[in-house]
Amino acid sequence: FVASAQNLALDDEAELVRRARARDPEVWSMWHDQYYSLVHRYAAARLRSAEDADDVASQVFLEALKSIGRYTYTGRPVLAWLYGIASHVVSRHLRQRARNAGEPDEAAAATEGFEDASVTGIEVRRALEQLSDEHREVLVLRFVLGLPTKEVAQLLGKTEAATYSLQVRASGALRKKLPRQ
């Protein structure tokens, strides 16, 4: 019964993708309602700016709408596809931010609006930015967004064991980047 329920859920998601390709506004509205806050939280964690996260989250859904015709549903959750788009949009945003002269430095941006922020929080953010995309991704999904390992594994297209191993390696890499206290 569990396997048939999972197949039904996969069939349902495949049907939603088919309808999204046909530009069904109900599907796009449902996906926006269901996933916008998760995409926004992901962007905010990477960008440290609610305003920039608003822009990025909106851009993610716009790019998803534009590229749905090229998307092939493979059984992975649609959210994994959206996170992939979000990762690219955030990276472009960070590159653009770095090119713009006069932008506040990252330490100032990290503490903006958080005058009481601990130095440790700032150091963790700086250390996260020094990690590989894969390490940063697994740590943000697990600990910033609070997703369970099983869901992170689905989003990354890995087994739970591989995701756990990646998380352990990423945590070790993060510890090495943090200043000794």
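All of the numbers you see were taken from the coordinates with simple rules; none came from a lab. Since the model is a prediction, treat every value here as computed from it, not as a measurement. FYI the Cβ positions are ideal-geometry reconstructions off the backbone, even for glycines, and counts take in every protein chain you see.
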- Note on the structure: Hits in the range 60-102: amide N under 20 Å from the 7 Å Cα→Cβ extension of Asp12, namely 73-82
- For the range 119-166, diffusion coefficient by Stokes-Einstein and Kirkwood Rh (Cα), 37 °C, 0.692 mPa s, µm²/s: 295
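Please give the length that would be gained between Arg41 and Glu160 if that part of the chain were fully extended, namely 0.36 nm times their separation in residues minus their C-alpha to C-alpha distance (nm, one decimal).
Net length gain for the segment: 40.6 nm.
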- Item | In nm, spacing of pseudo-spin labels at Ser67 and Glu51 (7 Å Cα→C-beta vector) | 2.7
- Message: Suppose each label sits 7 Å from its Cα in the direction of the beta carbon; what would the Arg95-Arg23 distance come out to in nanometres?
- Response: 3.0
